1. By the gyration tensor of its Cα atoms, with a ≥ b ≥ c the square roots of the eigenvalues, what is the shape of segment 22-99: rounded for a/c under 1.5, prolate for a/b over b/c, or oblate?
2. Of R95, R327, R110, which has the most accessible area and how do the rest follow, probe 1.4 Å?
3. Pop out the ³J(HN,Hα) list for segment 59-71 in order, Karplus 6.51 cos²θ - 1.76 cosθ + 1.60 with θ = phi - 60°, rounded to Hz; leave Gly and Pro as x.
4. Any chance you could look up the accessible area of H297 with a 1.4 Å probe, heavy atoms only, rounded to 10 Å²?
5. When Lys and Arg each count +1 and Asp and Glu each count -1, what net charge do the other residues less than 12 Å away from Y67, Cβ to Cβ, add up to?
6. Given labels modelled 7 Å from the Cα in the Cβ direction, how far is it in nm from D328 to R33?
7. I want to check the label-to-label distance for A63 and D146. Put each point 7 Å from Cα in the C-beta direction and report it in nm to one decimal.
8. Suppose R0 equals 60 Å; then what is the FRET efficiency for N104 and N46 from their Cβ-Cβ distance, rounded to the nearest 0.05?
Amino acid sequence: MGMAASQARLLSITARLTDNENTGQAISYSKQRLADQTQQITNAYNEALNTTKLTVLTGFNGADANYTDISYNLMTNLQMAESSKQYVVTDTKGRVLVTNDIANAYDKSRGNYNAFLAALGQKSDSLAPGYAYSQADITVQVNSDDMQAKAKVQEQIHEAWDKYFEAVGINVGDEEHETSTPTISWTETINPVTGGYTIGEGYVSFDGVPINYEGTSKEARDLYDYAMAITEAYLRVGTGNNGVPYRTPYDMNSFKSAAELDNTSALKYYRNIFDKMQSCGYFTYTNEPGKAANDDHYIYASEGTGTAGNVQKSPLKDNQTFEAALRDGTLRLEYYSTKERGFKATTISEDNCIQEVKDERAIARAESKYTQDMADLENKDNKLDLELKKLDTEHNALQTEYESVKSVVDKNVEASFKIFS
């Protein structure tokens, strides 16, 4: 091998050795990164093993307590109020978080509890207007042929108005007892579009003058609302939309009256919500940006669990969002205290109906992810080991060849020195 050729070969081998070593170093760095990722995955998995969730007591199966994952609907619905406590959810300003149906009913009520109940019962597919819930505990109307029942109901109405008038200091003598004459009458607004009655827009009048609420206490308000409800149920006559005979049903689908079904707990439930909204304000969530922009009672949020950039999810529909808001204090819980006759603040750690437990489903998902991630890392590590083994074999071969060529070059140099010396 010539001197120049040997030198060129030696340089080529040196370059390949350098490239081999650099590649090996890069693979070593990759293996180090895999080790770091392995530690991160392990840490995340260990943290996930401690994942908890909030659950709420929903009843008993014998001696065993039944708990259900927490959600807005579960915490605030009528069934919870009947079986455990009536809860409301508030923001940091004390405003009550309500559903869209309740918010719309309250808007329509204009501060009138009977109108609030009426608006809750409105359904677009109903054949006739009516109440979903009513304070009226009577079944007889003014056009009934049962004179004895009518007389009993009239006396009930008299007593209801007497109690209200007495509470607010109004003296009308015995004139308001003349319900069989037009002295007390019920007037309803006619809907100009459908020609039917507009629920919640009627009023009771005394000698043609509407009886307005003039009290200042909750007791007086309750008396007024009840008297208004039973007077309306007794005096309102005629037919509703589509010629269906009008009634004041408890359930719009079955057309059963308040007296036929026990709605005491429902009335108390809605009354508590109504009073809380009046005293503290309210808010809800909507997927209509325009509505949220024009009314501070509405907050824009994405529907359900969907996401759109930074759009906020609705805690009314997304359980994880609701739980997270309770944990960070964005939303707060209150329960109705019969002793204090009002809502009282509570927390997820203090409330005896709420418990924090391990989230087995989240832990199972974490285990599955951990197993998959570790398998992926192991596959990558095995591939890197094969590459390192290949590079090591190549490096040994190059080193052997390098020593051989270098020996030739050294001999050529030595021979050249002898010639010229």
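1. Since a/c reaches 1.5 and a/b is larger than b/c, the shape of segment 22-99 is classed as prolate.
2. R110, R327, R95
3. x, 10, 10, x, 8, 8, 7, 9, 10, 10, 4, 5, 7
4. Looks like 60 Å² after rounding.
5. Net local charge, Y67 excluded: -2.
6. 3.2 nm
7. The two pseudo-label positions are separated by 4.9 nm.
8. That gives a FRET efficiency of 0.80.
The values are calculated or read from the model by the stated rules, or taken from the named source; none is laboratory data. Bear in mind the structure is a predicted one, so any value in this text is a computation, not a measurement. Because the Cβ atoms are built from the backbone with ideal geometry, glycine has one as well, and the counts that use them run over all protein chains shown. Quick note on the areas: whole protein, heavy atoms, side chains included, nothing else; ligands and nucleic acids left out. Shrake-Rupley method; radii C 1.70, N 1.55, O 1.52, S 1.80 Å.
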